[in-house]
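Report on the following structure.
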Amino acid sequence: MLKKIGYISEEMIHISDWYPTLVGLAGGNTVSLRGNLTYGGNSDGAKCVFPFTYKGKTYNGCITQGHDQLWCSTTRTYQGKWGNCKDVQPLDGVDQWPMLREGSKSSRTEFVYNIKDGNVRDSGSAGSASGQAIRVGNYKLILGDPTGTGKASRAGWTQDPFVSSQTSRGRITSVDKNAVYLYNLRDDPTERTNLADKMPSLVDSMRARLESHAATMLPAVFGRPDQRGNPSQWGGAVSPGWCSVDTSKIIIG
């Protein structure tokens with residue numbers, strides 16, 4: 001199944017990539033799981049047909065070739081019947097099977113570590129939005145408190161077990177919610193050298209990427225702590241708190 005084995009890859013992959021990767025590996029497509037209804041076009045709202053063949057090439061999802069927005073064929077082989085893809089939002093994940101199978105380049109060029117409510121542009125962390133971070137290519141941008149706690153006692157990093165020459169815990173020894181950190185992860189994987197002052201244009205462009213992602217966010221919802229699920233009330237076991245167990249019906253053995 002894997003054409004290349006026994007190597008260490010430095011390519012980028014995110015946990016959200018596993019969904020489209022495994023669906024594609026199984027011969028499916030993520031678009032087909034979301035209804036496939038169309039609008040516009042000339043197919044009266046018919047469903048997309050996947051896979052479909054267009055100009056000799058087979059596609060497993062909606063495409064933009066020859067159109068100004070995502071569309072699909074409503075016949076197995078395109079015969080002029082088509083529709084615009086409806087309610088199809090791009091996934092956070094991307095199909096990484098070619099990279100895993102062949103050791104090729106990653107399909108991903110960036111991913112977000114964290115975004116919090118707040119204006120990314122105002123300052124390093126935008127006040128309440130401390131601890132935001134994004135990676136683009138080899139570079140990682142952190143805005144504000146990288147611990148996300150506001151507590152200086154938790155600043156710094158635990159020693160990397162694979163770097164025996166380390167003599168200190170890390171490069172951040174105090175918390176500054178307005179700070180900006182930029183690291184080249186390929187050359188500086190333990191994030192020791194802050195390049196933010198030397199590369200302001202890159203900081204601005206990466207901050208703009210965070211802004212574009214933040215614009216798509218829904219407001220965060222934080223529920224009140226519910227002690228009904230506290231393990232202390234369930235003999236040390238984790239429980240959602242809303243279920244009950246009839247211990248008389250438990251069979252052991």
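Computed quantities for the displayed model
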| quantity | calculated |
| --- | --- |
| Flagged links, alpha-carbon separation over 25 Å, of LYS55/LYS81; LYS57/LYS81; LYS105/LYS198; LYS55/LYS86; LYS3/LYS105 | LYS105/LYS198 |
| Tensor-based shape of the range 185-243 (alpha-carbon gyration tensor, a/c under 1.5 rounded, otherwise prolate or oblate) | oblate |
| Contour excess over end-to-end distance, with Cα ends at GLN65 and ASN184 and 0.36 nm allotted per residue | 39.3 nm |
| Potential lengthening between ILE8 and LYS105 on full extension [0.36 nm per residue; Cα-Cα distance subtracted] | 33.6 nm |
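Each reported figure results from applying straightforward, stated rules to the coordinates on display, with no laboratory input. None of the values given here were measured: they were computed from a predicted structure.
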